[in-house]
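Inspection log for the structure reproduced underneath, given as structure tokens.
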Amino acid sequence: MFRVYWCLSHEHDLRLVALAFVVCGLASFTAVLLVARTISTGGQRRGWLTLAGVVTGIGIWSTHYTAMLGFSPVLPIRFDPRAAAVSILATVLLSVAGWVIAAAGGTGRGWRGSAAAGGLIVGLGLAVAHYVDMDGLIVAGRIVYDFDLVAVSIVAGLFFCGLTGWLLQRGQTGRYRVLAGLSLSAGVLLLHFIGMAALRILPDPTIVVAASALGLDQLGGLVIAGTVAVLCVALAVAVYDDRMIRQSARAAERLAASSTALRLSEEHYRFAVEFNPQIPWVSDVFGMILEIGPLAADVTGVPIDNLLGRGWMRYVHPEDIVQIGSDSVNVWHRRGSFDHRYRVRQTDGSYRWSRARGTARRGPDRSVMLWYGSLEDIDDQVTAENALRLSEERYRLALGATNEAIWDWHHATDRIDWGEAVGSQLGYPEAQAGTSQGWWVDRVHPDDFKAARLSLEKALGDGSTLWGAEYRFRKGDGTYADIYSRGKIVRDANGTPIRTVGAMLDITERKRTEESLRWRAMHDPLTDLPNRTLFNQRLTDALQAAKMKRHGVGLIVLDVDDFKMVNDTFGHPTGDALLCLLAQRLRRIVPADAVVARLGGDEFAVILPKLETGEALIDVIGRALAGLNVVFDLEGRAIECNTSVGGAMWPGDGSNAEELLKSADIALNTAKSEDRASIRTFSGDMRVLIETRATMLTEARGALKDDRIVPFYQPKIDLVTGEIAGFEALLRWNHHRNGLQPPNGIAAAFEDIELSGRLTDRMIDRVVRDMQDWQHAGVDFRKIAINGSAADFLRGDFSDRLLGALHQADISPTCFEIEVTETVFVGRVAKNVERTLNDLSAAGVTVALDDFGTGYASLSHLRQFPVDVIKIDQSFVHKLARIDDDDVAIIQAVIALAKSLDLVTVAEGVETDVQATQLRAEGCDLAQGYLFSRAVAAFQVAKLVARRPASFAVASRLEPDAEPFAKAI
Ligand code: C2E
Ligand code: CA
Ligand code: CA
């Protein structure tokens, strides 16, 4: 140690020694830093290690020569430049190698030995450099080494260098680095100064110092250069390191940020994948699923593994597999994408709709490498779509099935969309493309437009939700259709209408049907004239108008006389034709403003809405009669028509329609009863007449009910023998106050179907009972005749009833006669009359034709019906007294006719001997009349029969006996 101290203190300039220490420390710490950071960052960066090696090498070399500058031995020294070059090369190379090896082990648990070994190599370089330099020392003397010290120097250098390596590897903290720096410095300095102490120069003047050797001054330049180089490197390293630190801080920041971003994006991705209803999948070119999102298991209910590869195909509905297959793989490849819907079988066997979409990922040669896509459960969507499609289809079908033109009017755009029927029903197929409201306005009938528009504006304005109107609408073919349009108004939150949706229904046909129904309800189908209902309406209207305008109204009612006869004789079609003809004529005859109506069967009426005077009414009636009472030619048949007319005037003959019609009816009935085909206008007493008729019916009913009907018997006298040939039973009824009454008090009842039948029944009962009594009493009544009415023949059982009653009473039908007037031979009952009379006649009942000469006096009737007796009407008999040639001629003709037909003749109403004598002279068989007897009560018949009148005089004497009854009748 002393030697080392002595060497330093006596052979060295201490200032330069200090500088050598500084240079050494600088280089050592620089090298240590470089190596340390290389080790801490993974030890793979050769550049840094090379730099560290270079710094170490140059540092060692510079330290050496700096120290050498301060070395002043006894002899001046020079240096061999070759040795300097070799030494720097050796130390640099070995340092680089050493540091590389030292860093190879890395930090921590690596091969620790490598660091120490690297350090040793650095130390070896240090030793080599020192002693090569020493060997290059040129001095005029001999150099002697103390080899012990040399060994110590090398050991010390190697130790500290190895320690440096170990420390560097051992820890990365600053402390270790400081220790490592100190250790390296120690190694370098110890080796140098111990090595210098081992040197001794022994002067030898024989040795010549070569001129090429470097002097101290030159050496100083080299040392400065080396030091500056080390300093520069150190500075560069410091600056670089600083930059690196800042950069790495930024990099760390970036790294942190990007790792956060990465974590976030990973999370997003995870959520996106896990919760996205679209399940991602990847397949190879052939459709083999390579990967599929985990949600697929939930959606399909199939484990993921089962779906991989071609597994998914097993779960697709067989029909859909076919469909997928039809879209060939080539097409997908060309297109680079596909979109399929198919049903996927669930674990419970049901199917759910899925949608798979895929996009091809192509390689550089444009061939498909993989398919990327998504799978989605769209079952709810498909179900909804199907439901919608169905409902749309149903709606469309419903629209097609209806003839309503559906419209949808958007108020803001003034656009109306139309359904199909706008073409098919309204003839505007082009309107389906949409129209404005103006289009509709243009086609509404001008007369209906105002009302339709008003109702629409009202509905839109008053907050209604519905609108409906009826109007005529011009169709595509130019004709107008009756339309019923209705719509629903859709409003916004403020109540402003935004849209109206509705339908136009063509109701033309319905209206037509309605109209025809209404027309039929109001008109007579045969003549097309207004019927009674419409007539009543029109009459009321006419009276109302007349009241306001203060003019009169005329009413005429017409009735075809004996129309039944036309029907029965010529058939109903002819009767109908006659009615039509009459209707036509009537319409032509009456004024234009008149209303002609058919009130029933053969009854017509005419309303004359503007009539001022009764004369005007008579004038119209006269024209009507003149036009109607003519002979019509109906299909070659000449039909004589007789019409009776009654007329009445408002306000004189009735204050309202009902009264006016009643008055006209009364006038008509009066006209009919008085003189057929006559004119009658209403007069006050007509009403009395009508009322009397009603009273008659009431009386008849009461008499029937209280059994106040009794037959009286008027004898028929044989004009030759003066004997009673029989009796005619005539109806008498007991008035509750006025006593016994002739039938004229209830005459109307004989025309009433119901009452007439009942009266005849009652008469038959009574007459048969009387006959029975007489028979029992031995009264020779000969023959009893009763009067039959048309109504009796309406009943099919008249003959059965009559014959039955006679049979029951044990009376021979030959004792019975039935008197009928010719009117029963015509009309509806004619067929019945013929049959009934034939039956009766066959049974022995004789038939007398009553009132002969007043009716039709048709000879054909005498042949057609089984007539036995002709009763000459009293009107002829009464005229006999006046010796009227004409009437005598008629009676003569009738008697002659009867004789030719082998019929018995009876003269009615014979009141005088003159008449009786004349009749007998003319050959009349029997006579009946007051001359012989009035009708008498049943109990008096025996008396009459008991008398045997020998002459008319005797017969006339019968009367006093009949006094009490004759008075009554
Ligand atoms: P009729 O069948 O022509 O009857 C004869 C009518 O002449 C009877 O009137 C009779 O009283 C009346 N008479 C008889 N002799 C004379 C006479 O010398 N001078 C006048 N002026 N009259 C005479 P009566 O009984 O008032 O009957 C009137 C008519 O009433 C009958 O006319 C007949 O048509 C009808 N009638 C009467 N009884 C019945 C009946 O039971 N059934 C039906 N259906 N009609 C009856
Ligand atoms: Ca009679
Ligand atoms: Ca008569």
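Observations, loosely collected:
- Value at 222 nm in deg cm²/dmol, rounded to 500, when DSSP H runs of n ≥ 4 in the chain each add -39,500 (n - 2.57): -17500 deg cm²/dmol
- Rule-of-thumb Rg ratio for the chain [Cα; 2.2 N^0.38 Å; N residues]: 2.57
- Cross-link reach is defined here as a Cα-Cα straight distance under 19 Å, omitting same-chain residues fewer than 8 places apart; for Lys488 the lysines meeting it are Lys458.
- For the chain, the solvent-accessible area with a 1.4 angstrom probe is 49 square angstrom per residue.
- Amide H contacts of His411 (H built 1.01 Å from N, in plane; Pro and chain starts excluded): Arg499, Thr500 sit under 5 Å, all sequence-distant by 5 or more or on other chains.
- Annotation: amide H-H contacts under 5 Å for Tyr428 (H modelled 1.01 Å from N, sequence separation of 5 or more, or interchain): Gly423, Gly476.
- Among the protein heavy atoms, those of Val720 account for about 110 Å² of accessible surface (1.4 Å probe, every chain in place).
- Computed over the range 124-273, the P(r) curve from all C-alpha pair distances, binned at 10 Å from the origin, holds 9, 21, 25, 16, 11, 8, 5, 3, 1, 0 percent per bin.
- Cα-based shape type of the range 335-461, given that a ≥ b ≥ c are square roots of the gyration tensor eigenvalues and the cut on a/c is 1.5: prolate
- Considering only Thr527, Ala546, Thr508, the residue lying farthest towards the positive end of the dipole of the range 497-554 is Ala546, judged by Cα position with unit charges set on Cβ.
- For Ile618, solvent-accessible area (1.4 Å; no DNA, RNA or ligand), Å²: 80
- Divided by 2.2 N^0.38 Å, where N counts the residues, the Cα radius of gyration of the range 476-563 comes to 1.95.
- Kirkwood estimate for the range 778-846, i.e. one over the average of 1/r between Cα atoms, Å: 12.4
- Anisotropy class of the range 707-854 from Cα gyration tensor, a/c 1.5 cut: rounded
- Here the scattering of the range 220-378 is modelled by Debye summation over its C-alpha atoms, one equal scatterer each and no solvent; at q = 0.12, 0.16, 0.18 Å⁻¹ the log10 of I(q)/I(0) is -0.66, -0.94, -1.08.
- Candidate residues His411, His12: accessible-area rank, largest first, probe 1.4 Å: His411, His12
- Accessible surface of the range 53-210, 1.4 Å probe, proportion on carbon and sulfur as whole %: 71
- Base-10 log of normalised Debye intensity for the range 1-157 (one unit scatterer per alpha-carbon) at q = 0.11, 0.21 Å⁻¹: -0.47, -1.33
- Karplus-derived HN-Hα couplings along the range 753-766 (A = 6.51, B = -1.76, C = 1.60, θ = phi - 60°), whole Hz, x at Gly and Pro: 4, 5, 5, 4, x, 5, 5, 4, 4, 4, 4, 4, 3, 5
- Carbon/sulfur fraction of accessible area - the range 790-836, other protein chains in place, 1.4 Å, %: 52
- Angle in degrees between helix 379-401 and the longest Cα principal axis of the chain, rounded to the nearest 10: 30
- Sorting the segments 725-735, 640-650 by their residues' average number of neighbouring beta-carbon atoms within 10 angstrom, most packed first, yields 640-650, 725-735.
- Peptides 355-362, 183-190 ordered by average Cβ neighbours within 10 Å, highest first: 183-190, 355-362
- Here the accessible area is traced with a 1.4 Å probe on the protein chains. For the range 401-459, carbon and sulfur cover 52 percent of it.
- Here the range 738-794 was treated as a single set of alpha-carbon atoms; its pair distances binned every 5 Å from 0 give 4, 17, 22, 20, 17, 13, 7, 1 percent.
- Prolate/oblate/rounded call for the range 419-553, Cα gyration tensor, a/c under 1.5 rounded: prolate
- Take Lys943: with every protein chain present and a 1.4 Å probe, its accessible area is about 110 Å².
The values are calculated or read from the model by the stated rules, or taken from the named source; none is laboratory data. None of the values given here were measured: they were computed from a predicted structure. Every residue, glycine among them, receives a Cβ derived from its backbone with ideal geometry; neighbour counts consider all protein chains shown. Ligands, DNA and RNA are excluded from the accessible area calculation, which covers all protein heavy atoms including side chains. Shrake-Rupley method; radii C 1.70, N 1.55, O 1.52, S 1.80 Å.
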